Every structure is written in C-alpha cells, then in structure tokens.
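Trainee: The structure that follows is given in the form of structure tokens.
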Amino acid sequence: MMKPVILLATLLLLVSQVSAQTSPQTTGRIVSVGGAVTEIVNELGLGDRLVAVDSTSLHPLEMRALPQVGYMRALSAEGVAALHPDLVLLSDNAGPPATIEQMRGLGIPLKLIPDRPTPEGVADKIRAVGAALGRQGEAETMARETTDRLAAVSRVVEKAAGRPRVLFLMGLGRGAPVAAGRNTAADAMIRLAGGINAIDGYDGYKPASGEAILDAAPDVLLLPTEAVDAAGGRDAVLALPQFAGTPAALSGRLVVMDTLYLLGFGPRLPDAVADLALALHPELAQDLANDAAPKPGGRS
Amino acid sequence: MTSLPLRDAIWTGRSRHAGILAILSVLAAVAIIASLGVGASAISPGTVLRTLLHAADASPRDAAIVLHLRLPRTLLGFGLGAALAVSGAMMQGLFRNPLADPGLIGVSAGGAMAAVAVIVLGVPALLAGTVGPFALPLAAFAGSLCTTLAIQRIASDDGRTDVSTLLLAGIAINAIAGAVTGFLIFGSDDRQLRDITFWSMGSLGGATWTTVLGLAPFAVGAVVAAGRWAGVLDALLLGEREAGLLGFDVEPAKRRIVIATAAAVGAGVAAAGVIGFVGLVVPHLVRLMAGAGHRLLLPASALLGGTLMLCADMLARTVVIPAELPIGLVTALLGGPFFLWLLIRQRRSFPP
Amino acid sequence: MIEAEGVSLRRGGRFVVDEVSISIRPGTLTAVLGPNGAGKSSLVRLLSGEAAPDFGKVTLDGRDLKRWDRRDLARRRAVLSQSVSLTFPLSVAEVVMLGRAPHRARSTRAEDMAAAEASLKAADVWHLAGRAYPTLSGGERQRVQFARVLAQLEDGGQSGTRYLILDEPTSSLDIRHQARLLGLAGGLARKGWGVLAVLHDANLAAIHADTVVLLREGRILASGDPWSVMTPDRLTETFDHPVLVSRRDDLDRPLITPAAGTAD
C-alpha cells in the first residue's frame, strides 16, 4: 500500500525540479505582448515592472534580456500563469485564441490592446495601455504629442515637390524577394512619408518577380537592416541583378531601416515617419528639422 | 514429445508479450503522472495529488492549472499519441510497407488544407455563430476524412481497393492538397502566415476538455477496433491474396481500416495540428522489441505512442519556459534522426 | 470433389484459360504441366475460388465456389502460392499459426498449437519455429509456407474432404525436400485428400502424380495416368521442344529427358 505512494511522490518530486520557476509575489508584475505595446509601457515609465515580454518586443534593448513568453501568436497559458502576472497586456493580434481563453479561465488579468497599423491606431494604443496601467494622464499627453508631431511631419511632407516610387522588400532570400503590396504597414509608412508604393497590384506581402520589380520602376528601395546585412551590405544589394536598370539602382537610392522601428506603429512612429521622409525627400531636411523635430526632453 | 521450439516460439512468446505490455503500461503510467507534475508553474507533487483527489480543497489557481490545463493536455497527448501510433501500425500492415504512415492516405494534407482555408478565408458568417471556436478543428477533421474517402474511391474499382493505386492516388491527392494549401498561403497576410506556420508544427497547448472529448471517441474507437483487426492485419502481411485464401473478407476490412485511420488521425489533426513521426517511428520500435504480430504490435504501439507523445510534450513545454516549443518540432527533431539510424541499420543488416 | 466445367478466364482481351474441364478428386494427386504462359496459375486461381470464371463454373461438393462462405472454404481447401513475400519480422511459428485463422472461432488454442506443431514437423521446419521469417533462405521460406497451408487444413474431428492446391511448390527446394514435399502430398492424397500440384519438373510429376494434365495456351492437351499422357509426341507438342521418354530404373514410371536442343 505504501510503496506506490512513495513511488508516486518520488516521481512528482523529480519532475517538479524542472518546473521550479516561480518567484515571490510582488505587486504590479506586468507581462507585455506586442512590440508596440511594450514600447508604450516603457515610454510611460513602467518598464521596470515588466517581468516578461514576447519575441516581437525588441525595443528598448533591455527588453531582450527579459524572460520570453514566445511569439505573440503562439503563447502558452501555463507559461504565462507561472509568471504570476498581475496584468497581461495583449496586443489584440496575440493568440492562439484557445490559449487566451485558457488564460481567462485561469483568472489571469488580461487587457487586450487594439493594435492597428495606422496613425490613429498608435494614439488608441497609447490610450488603451495608459488606461490599463492607470496612467491615463500621461498617456493622454503622449497620445496628443504623437498625433501633433505626426501632423507636423505631414505638413512638411506635403510641401515635397514629388512623390518617389518606393519599393519595400521584406528580404532578399533565394527566389523572388517578398515585396509589400497594398494594405500593409510598409505601404502606410511609405504614404505617410510622402512616397508612393511602387507595388499596387496586390494586397499583403508576396513574392515579386524580377519583371514586376522592373515594371514597378522604383525610385527608392526600402529594406530592413537584417536583409541588407544578410545580402552583404548596401553596394551588394544595389548590384543585385533583379534591381539592375531600376531608377533606384541607377541613382543608388537605398534606404535601410530597422523593421520594428519602421513597421511597429508604436510611439516612435513620428520619428520613423520623419526619418523615412528625410530619406525620400532630402530637400526637406531643413523643414523637418525646424518644424517636426521632437520636443526637447520629450523623448530619448 | 520434443515440442520445445514451438513452446519457445509461442508460449514464451506469449508470456513475453504479457511482460512487454506490463512494462509499457508502467512506462505509460509514469509518463502520465510526470506530465501532470511538469509545467511552467511550480506546483508541488503533493499539491498535484491532492488536487486530483480532492479538487475542492485545492486553491482555485492550482485546481485550474492541474484540472483545466494539465489534465486535459495529458489526456489529449496520450490519446493522440496512441491514435497516431496505432494508425501508423495499421497503415504499415495494410500497405505491407514499414515506411507507410497515415499521411500517405491524405489525412494530414487534407486536414492541413481545410485548416489553412479556415485561417485564411475565415468562417462563413452564416456558420460563425454556431461553430465559432470549433471551426478550425471541425474543418480539419472534415478535410482529413474527405481527402481519404476521395483517395479510397479513386483506388476502388468494383468493390475492390487496389492498395498500390491507393498509394499512388494518395501521392497525387497529397500533391494537390499541398498546392491548394500553398495557394491559400500565397493569399494570406503576415498574421495568418504565422498562424499557419505554428498550426502546422502542432501543439497540445490548446487542450481543453472540449478538445479531449472531441478526440476521445475517434482515438478510443480506432484503438479498440484495431484490436479486432489484428488477425486480418497479420494475414495481410502475407499479401491480400493470401489473406483472402485464409478466409478473411479482405475488401471490407481494408475499407474499414482506412476509414478508422482517417477518422482517428483527422481528429488528431483537428485537436493538435500536424504531428509527425509518431505514427512512423513507434510501430517500428515495437517491432524491434516484440516482432510484427499485430496482436501485440497494436496495443504496444498505443501505449508507447501515448508515452512518447507525453515525453515530447513535457520537453516542448519546459525547455523554453515560459514560452513553449511546437510539439511537432520536438517529435520531428527526435524522430527524424532516430528514423535515419533505423534506415541505415536496416540497410546494413538486409542489404538490397 | 472440386470440379471445373468448361471454365474460361479472360485477361487483357484474350482467354488465358479456355474452356477447361478438370477436377481435383479425393485420393488423387493431379499434376499440371505446361510451358510458361500456358495458364497454369490462372487455372489455380479459378480452382481456388480466388478468381471467378468468365464462363463455366467451379464447384466444391457440387456447390458453386461463389456460394461458399470464405471461412468454410478456407477450412476445406488451401493454396500454396507460387511466391509469398513477407518482409515484416513475423516468427515462423506466427506464420504457421496464420494458417489456423479460419479455425479460430471453433478450435482451442491447444488444438491450433498441435496442428501447427504437426505441420511444422511434416514440412521439416520444426527446428526453425522460433526464427524470424525474413531471415530464412528461399527454400526454408517455401517449406514454412507449405507448413502454413498444411496447418490450415488440419482439422481433428471435422468431416469433408480437404483439397490442397500447390502452385510450383518445389521451385526453391533442394532434391531431398522436393521429394519429401511431393511424397507428403502423395501421402495426403492416399489419406483421402484431393491434391493438385502445378509442376515445372516433368520427372517429379511422373514420379508422384496419379493423374497428369498437360496444359498449353489455356487448353488441356491431354489428361490421364503418367504412362498414357507422357508420350514423347505429346510432351514435345506441349513444350514445343523435342523430349525423349524412357523408363526409370527404380520404379515403373516414365523418365523424361529434354533433347539437347540449342537456341536457333
């Protein structure tokens, strides 16, 4: 009678070694899921209360040292529960739905943050995170500032003489490079910065053939930093045969930006738009510096 | 008088069978207990035990984790592993090919195609209200079953199913389903793409009592029915012709085996996505230990399949705490090299 | 008696068996001889009930094979196929026990074991019982399959004549086991079973058969006792190759020697 019990207990004991991951209870333990959401939490000055983030939360840098709950669309309920969070901020793009249901069932306090890749979406995000954290005041100020700065950048961009055709490529792996079509965050960024998406034949990110790229006749190539590094640097990219003959390659116009910064639609959006606008319209440098510069002390 | 060799071969064989099943049952029990005890949350063994026995006395949080996360997940994992392994064993017997697996008859490809369609195209508004969160599993199940029935239909002529045509039709339909899936993926957005990727790597993370109850009838049904088909599967190892001459009604048996497999694996795909290698490797392992007779192979595969699936899942949910690896990744990562080793070994001992 | 009356079987637009009447009689070992492609294996498929004739009918005890329950039929007639491939590691004992499948509902485990044991011994593979089938040599495999077929017909108290159909049962066997297997088949015939064997070796047929049937292009050329059927003319016609016939020294049976023909 005793033996099975002992055996069972020993087993469970052995097994529980693996799962010894708890920390003592503290108040205000936050788990943040979604790159933009995490940025906002930090902007609101609550970065030190984060106990874990998802793999898309790459900014600011110290976020990368926090425990990872995995990719935002492949979360694990028990993993999150084990962190004993007092609040889980979830981009409403997070998933899978079954896991979110399980987290609700476990009584984990969840707040879903609307996450749209639009300028208004950024303000909404900031307000939603502020409300969830009880920092409505700061959040309101931050949302206003962001909106105002975006508006200022837009006013400058409107003065631009032309609208360059911009081709955003996700990467330059083997085969056809994946290009941003309509209804993508990249498309929105290009428009905000006073450009035209050179691809308007399809929605979403899709492989584009060499001919399609030539037909698109981009004036500017826009690529993520990792893609350019992987391809061997700026000159190597501009020398690639699939760009040969495009205006961008002829004039050597290649803009390289960090993916999260460019496409994250977080609080850094005005900076990102201004940076991209500057790259697309060098003639506006002075105006951008005068009218659309960040408020002193407002941001790092 | 000198009946020793036969006794060696059959009687000691039988007691060895009992021994093997006993060992595998113990391993399965250990795996189940361990699976209940392991997880991102540290819950003491005693608490787990108490929670299982007297849920009312446990803290709500422990009770929720043990009873609503780990218990359904463990049962789902075990049932799924058992169903996949038994289905694999039956397919290998039916095709007389140790490399056959349920994927051959289109179950996985069909299920994946339907699941991707739901992810990319969404649920028709008309159905969304009624099926809601079950749209994906229901579609995966229906896709698996329809694909297999189509393959079976193509390979059947005049009530006879030609196994080699079944195999070829399976390859063709798999290719078509794969292409349709690819086409859907082409039309998907970034978010859907990620969902598809993760779904196709399999996970037990979504296990709830509903998922368990959804899989149970098919998994249990397939395992129990498999036991009844042990005789005909043994005979089929000699070929369909010999099985027929031995008095077996081969045609209906083949049809039922294919459909039971499709239902069990389809339900598995619906519950946890595509999890590879269990159906292929587990029956192999059992044959190495215990020979090819189905009377032992089928129950032993069920036990070992469930056990290994739980081990893979424990790994999947503990190595990157608090995140989780897709379990299909773990099974493929462990199963792939093992399978290669088997192949190389087999080539050495039976050169072609 | 298994009796085929004017049976024809069409495959690929031609008759591979063409209006053949033949019977497997209790107490008789019938040997079927014929060149490659004569329709011997097709005839086996018809007589075993595995294939249904396009014309004519095959009966066992007067009842059409189509109307027999598969399992009842399997207890009355067994077929040793030309080649049985088995790549899975079943043991020899398991393979032979497969022969007991049609008895499963009505015989005890002990009876099945006794039948398997007797068959293994009769086929001289008793010593191999514990071995894995795929590790056996070609000849050993053929003997194990023979044992399986014997076990299938072993049925202590059952009534009804057994019929044993052997399709080239000696193709992989050495001289000793050829003689042993056909001797055993002859013994079973004398016990009252009906035995039909398709053979390639005319001399084995001449030694062991009670009745010899010559088959060519799906038709029967001749049928009867060895001396009446195995004449030089008939054998030459059957095989399309000159054949000499003399008398054996050891027993009163024909001795067949193919002429030393060369390829033309």
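Trainee: Looking at B:D62, is it modelled with pLDDT under 80 and under 30 Å from A:E101 (Cα atoms)?
Mentor: no
Trainee: Then there's this: For region B:187-209, give me each residue that is part of a helix (DSSP H, G or I), touching a residue at least 12 places away in the same chain (Cβ under 8 Å) and either among the β-branched types (V, I, T) or farther than 18 Å from A:R73 by Cα (or both).
Mentor: B:I196, B:W209 - these are the residues of region B:187-209 that are part of a helix (DSSP H, G or I), touching a residue at least 12 places away in the same chain (Cβ under 8 Å) and either among the β-branched types (V, I, T) or farther than 18 Å from A:R73 by Cα (or both).
Trainee: A further question follows. From C:A110, C:A105, grab the single residue that is on the phi < 0 side of the Ramachandran plot, part of a helix (DSSP H, G or I) and either more than 7 Å from chain B (Cβ to nearest Cβ) or in contact (Cβ under 8 Å) with a residue 40 or more places away in the chain (or both).
Mentor: C:A110
Trainee: Of all residues in region C:15-48, how many are without any contact (Cβ under 8 Å) to a residue 40 or more places away in the chain and either crowded, with 23+ Cβ neighbours inside 10 Å or not in a loop (DSSP other than H, G, I, E, B) (or both)?
Mentor: The number of residues fulfilling the criteria is 2.
Trainee: Now for a separate question. Identify, from the list B:R256, B:R241, the residue that is modelled with pLDDT of 90 or more and within 14 Å of chain C (Cβ to nearest Cβ).
Mentor: B:R241
Trainee: May I ask you to say which residue of B:V282, B:V250 is more than 14 Å from chain A (Cβ to nearest Cβ), modelled with pLDDT of 85 or more and buried (at least 24 other Cβ atoms within 10 Å of the Cβ)?
Mentor: Exactly one residue qualifies, and that residue is B:V282.
Trainee: Got at least one residue in region C:60-72 being under 22 Å from C:P226 (Cβ atoms) and either surrounded by fewer than 21 Cβ atoms within 10 Å (Cβ to Cβ) or among the β-branched types (V, I, T) (or both)?
Mentor: no
Trainee: Still on this model: Looking only at region B:323-340, decide whether some residue is under 25 Å from B:L237 (Cβ atoms), crowded, with 24+ Cβ neighbours inside 10 Å and touching a residue at least 24 places away in the same chain (Cβ under 8 Å).
Mentor: Within region B:323-340 (the criterion being under 25 Å from B:L237 (Cβ atoms), crowded, with 24+ Cβ neighbours inside 10 Å and touching a residue at least 24 places away in the same chain (Cβ under 8 Å)), the answer is no, since none of the residues qualifies.
Trainee: It is to be established whether one or more residues within region C:114-124 are away from chain B (no Cβ under 11 Å) and on the phi > 0 side of the Ramachandran plot.
Mentor: The answer is yes, given that some residue of region C:114-124 is away from chain B (no Cβ under 11 Å) and on the phi > 0 side of the Ramachandran plot.
Trainee: Looking at C:A151 and the list (1) crowded, with 24+ Cβ neighbours inside 10 Å; (2) out of contact with any Lys or Arg (no Cβ under 9 Å at 6 or more places or on another chain), which single condition is not satisfied?
Mentor: Only one criterion is unmet by C:A151, namely (2).
Trainee: Among the residues of region C:153-161, are any free of Cβ contacts under 8 Å to residues at least 12 places away in the same chain, more than 8 Å from every other protein chain (Cβ to nearest Cβ) and β-branched (V, I, T)?
Mentor: No, region C:153-161 contains no residue that is free of Cβ contacts under 8 Å to residues at least 12 places away in the same chain, more than 8 Å from every other protein chain (Cβ to nearest Cβ) and β-branched (V, I, T).
Trainee: Restricting attention to region A:162-185, does a residue exist that is within 14 Å of chain B (Cβ to nearest Cβ), surrounded by 18 or more Cβ atoms within 10 Å (Cβ to Cβ) and in a helix (DSSP H, G or I)?
Mentor: yes
Trainee: Let me ask something else about it. Just checking: which of the strands (runs of 3 or more DSSP E) contained wholly in region A:50-122 hold 1 or more residues that are facing chain B (nearest Cβ under 7 Å) and not basic (K, R)?
Mentor: Because the criterion is at least 1 residues that are facing chain B (nearest Cβ under 7 Å) and not basic (K, R), the strands (runs of 3 or more DSSP E) in region A:50-122 that meet it are A:50-53.
Trainee: Also, quick follow-up: Give me the residue from region C:66-97 that is assigned to a helix (DSSP H, G or I) and free of Cβ contacts under 8 Å to residues at least 40 places away in the same chain and, out of that set, nearest to C:S119 (Cα to Cα).
Mentor: C:A93
Trainee: Is it fair to say B:T74 is part of a helix (DSSP H, G or I), β-branched (V, I, T), surrounded by 17 or more Cβ atoms within 10 Å (Cβ to Cβ) and in contact (Cβ under 8 Å) with a residue 60 or more places away in the chain?
Mentor: Answer is yes for this residue.
Trainee: A follow-up question, please. Quick one: which residue in B:T2, B:T12 is over 31 Å from the mean Cα position of the chain (by Cα), more than 13 Å from chain A (Cβ to nearest Cβ) and modelled with pLDDT under 90?
Mentor: Step by step, each of B:T2, B:T12 is checked, and only B:T2 is over 31 Å from the mean Cα position of the chain (by Cα), more than 13 Å from chain A (Cβ to nearest Cβ) and modelled with pLDDT under 90.
Trainee: So, in region B:290-315, how many residues would count as being touching a residue at least 60 places away in the same chain (Cβ under 8 Å), closer than 19 Å to B:R70 by Cα and within 11 Å of another protein chain (Cβ to nearest Cβ)?
Mentor: Number of matching residues: 1.
Results for (1) farther than 30 Å from B:E240 by Cβ; (2) touching a strand residue (DSSP E or B) at 6+ places or on another chain (Cβ under 7 Å); (3) in a helix (DSSP H, G or I); (4) more than 10 Å from every other protein chain (Cβ to nearest Cβ), shown as yes or no for each residue.
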| residue | (1), (2), (3), (4) |
| --- | --- |
| B:A40 | yes, no, no, no |
| B:V48 | yes, no, yes, no |
| B:R61 | yes, no, yes, no |
| B:L69 | yes, no, yes, no |
| B:G79 | yes, no, yes, yes |
| B:A100 | no, no, no, yes |
| B:G103 | no, no, yes, yes |
| B:A139 | yes, no, yes, yes |
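Trainee: Let me ask another. When you scan region A:190-207, how many residues do you find that are closer than 21 Å to A:G252 by Cα and in contact (Cβ under 8 Å) with a residue 40 or more places away in the chain?
Mentor: The number of residues fulfilling the criteria is 4.
Trainee: Please go through (1) more than 7 Å from chain B (Cβ to nearest Cβ); (2) under 19 Å from B:L94 (Cα atoms); (3) not small (G, A, S) for C:R77 and return the number of the only condition it doesn't satisfy.
Mentor: (2)
Trainee: Look at region B:162-186 and say how many of its residues are crowded, with 17+ Cβ neighbours inside 10 Å and free of Cβ contacts under 8 Å to residues at least 40 places away in the same chain.
Mentor: The qualifying residues number 1.
Trainee: Now for a separate question. Go over the candidates A:D229, A:D258, A:D215, A:D291 one by one and state the one that is of a type in the set (D, E, K, R), in contact with a helix residue (DSSP H, G or I) (Cβ under 6 Å, 6 or more places away or on another chain) and over 24 Å from A:P114 (Cα atoms).
Mentor: A:D291 is the lone residue from the list that is of a type in the set (D, E, K, R), in contact with a helix residue (DSSP H, G or I) (Cβ under 6 Å, 6 or more places away or on another chain) and over 24 Å from A:P114 (Cα atoms).
Trainee: Return the total of residues in region C:217-264 being in contact (Cβ under 8 Å) with a residue 24 or more places away in the chain, of a type in the set (G, A, S) and part of a strand (DSSP E or B).
Mentor: 1
Trainee: Sticking with this one: Please work out if A:V80 is crowded, with 21+ Cβ neighbours inside 10 Å, touching a strand residue (DSSP E or B) at 6+ places or on another chain (Cβ under 7 Å), closer than 19 Å to B:G206 by Cα and among the aliphatic types (A, V, I, L, M).
Mentor: Yes: the conditions hold for A:V80.
The values are calculated or read from the model by the stated rules, or taken from the named source; none is laboratory data. Because the structure is predicted, anything quoted here is derived from the model rather than measured. Neighbour counts are summed over all protein chains in view; Cβ atoms, including those assigned to glycine, are modelled from backbone coordinates with ideal geometry.
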